[in-house]
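Encoded as structure tokens, the structure appears first; notes follow it.
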Amino acid sequence: MRYSKGRIRYLAENVIKKIKTSGAADFLAEENLIRNNISNTIEKYFSIEDDVYESVMENLNSRKKKLIPGSIEWDTAFNKLYEEEMSKRFLK
């Protein structure tokens, strides 16, 4: 995980503040419950993103034709696999 729980909670608090100041929505539940849900969603997203990265790296490393990390061919393959995996995970 890239961010600590405290950092994620801080991000969730900022989301709530933005929603309040913009008037985009009214809260019908307690802010603490909303903050916890936002935090859990952010944590889940980062977890999925980390899993996707690991899966893509495994795929790239297991290929017969080894690609040089940082090359255009490697970047293209990485981006394609990454987008495909993210689409699969979020469409389930």
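Every number here is computed from the coordinates shown, using simple stated rules; none is lab data. Computed from a prediction, not measured in an experiment: that's the story for all the values here. All Cβ positions, glycine included, derive from the backbone under ideal geometry; neighbour counts span all protein chains shown.
Restrict the search to region 57-89; then list the trypsin sites (Lys or Arg not before Pro) that DSSP places in a loop and that have at most 12 other Cβ atoms within 10 Å of their Cβ. Don't jump to the answer; show the numbers that get you there.
Values: sites: 63, 64, 65, 66, 80, 88, 89; in loops: 63, 64, 65, 66.
Loop-located and lightly packed - 63, 64, 65, 66.
Hey, got a sec? Which GluC sites (Glu not before Pro) in region 1-45 land in a DSSP loop and have at most 14 other Cβ atoms within 10 Å?
Details: sites: 13, 30, 31, 43; in loops: 30.
Taking region 1-45 and a limit of 14 other Cβ atoms within 10 Å, the loop GluC sites (Glu not before Pro) found are 30.
Using the basic label-point model (7 angstrom from Cα toward the beta carbon), what is the residue 65 to residue 17 distance in nanometres?
Rounded to a tenth, the inter-label distance reads 5.0 nm.
Per DSSP helix of 4 or more residues, -39500 (n - 2.57); summed, then divided by the residues of the chain. What does that give at 222 nm, rounded to the nearest 500? Don't skip to the answer; put the middle values down first.
Numbers: 3 runs with 69 residues, N = 92.
Only helices count here, giving -26500 deg cm²/dmol.
When only DSSP loop residues count, what chymotrypsin sites (Phe, Trp or Tyr not before Pro) in region 1-90 have their Cβ near at most 16 other Cβ atoms within 10 Å? Can you show the working numbers first?
Numbers: sites: 3, 10, 27, 45, 46, 53, 74, 78, 82, 90; in loops: 3, 27.
Here the chymotrypsin sites (Phe, Trp or Tyr not before Pro) that fit, given the DSSP loop and packing criteria, are 3, 27.
Cα convex hull of the chain: how many Å³ per residue? It would help to have the intermediate numbers written out before the result.
Working: hull volume 12.4 nm³, N = 92.
Enclosed volume per residue, from the Cα hull, is 134 Å³.
How about residue 65: which lysines have a C-alpha closer than 20 Å to its C-alpha, ignoring those fewer than 8 places off in the same chain?
Hits, sequence-local ones excluded: 80.
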